[in-house]
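**Student:** This is the structure I want to talk about, given as structure tokens.
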Amino acid sequence: MVNYVRVYSGDDGQSHMEEFEPDFNPFTDTEGAHGEGTPVEAATGLTIRRNPPGYFLDFHCAPRRQYTITVAGELELGVGDGTVRRFKAPTVLLAEDLTGQGHTTRVVGTETRVTIVVPLAD
């Protein structure tokens, strides 16, 4: 099962997180691929990152709206109200907390966290 999580800035200056279900709709592509997919979003690039077990980044805001897709490892995400949640791969994180206190990121467990980061166009 894939986790879908959104981190966003609230009116209170804090980051908040919520699970969400993307808007999947039936599709058939020109080459015949078919199934369910989300609307295409414009992106500015893509990078693959690795962080070792024990990695910790204290409170920070997302540098831009972006998807961070965990394909291996386990993420611990914390927000200002004290909520801390763990998400194992696969997890799709939509980071939209561009202002305020931000969130914390920790790699937990014994496996390196591997992510695909997709910055979104404005």
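The values are calculated or read from the model by the stated rules, or taken from the named source; none is laboratory data. Computed from a prediction, not measured in an experiment: that's the story for all the values here. When we count neighbours, we look across all protein chains shown, and the Cβ atoms used for this are built from the backbone with ideal geometry, even at glycine.
**Student:** When you look at Asp81, is it modelled with pLDDT under 95, out of contact with any Leu (no Cβ under 8 Å at 6 or more places or on another chain) and either among the acidic types (Asp, Glu) or surrounded by 10 or more Cβ atoms within 10 Å (Cβ to Cβ) (or both), yes or no?
**Tutor:** So Asp81 fits the description; yes.
**Student:** Go through segment 66-92 and give me each residue that's not acidic (Asp, Glu) and not in a strand (DSSP E or B).
**Tutor:** Across segment 66-92, the qualifying residues are Gly73, Gly80, Gly82, Thr83, Ala89, Pro90.
**Student:** Further question on the same structure: Among the numbered conditions (1) out of contact with any His (no Cβ under 6 Å at 6 or more places or on another chain); (2) at pLDDT 95 or above; (3) surrounded by 13 or more Cβ atoms within 10 Å (Cβ to Cβ), tell me where Gly102 comes up short.
**Tutor:** Against the list (1) out of contact with any His (no Cβ under 6 Å at 6 or more places or on another chain); (2) at pLDDT 95 or above; (3) surrounded by 13 or more Cβ atoms within 10 Å (Cβ to Cβ), Gly102 comes up short only on (1).
**Student:** Can you say whether Glu111 is farther than 23 Å from Arg64 by Cβ and at pLDDT 95 or above, as far as the supplied structure shows?
**Tutor:** Judged against the criteria, Glu111 is a match.
**Student:** For the structure I just gave you, tell me whether Thr68 is in contact (Cβ under 8 Å) with a residue 40 or more places away in the chain and crowded, with 19+ Cβ neighbours inside 10 Å.
**Tutor:** yes
**Student:** Can you find, within segment 16-45, the residue that is nearest to Glu74 (Cα to Cα) among those that are surrounded by 11 or more Cβ atoms within 10 Å (Cβ to Cβ) and either of a type in the set (A, V, I, L, M) or without any contact (Cβ under 8 Å) to a residue 12 or more places away in the chain (or both)?
**Tutor:** Met17
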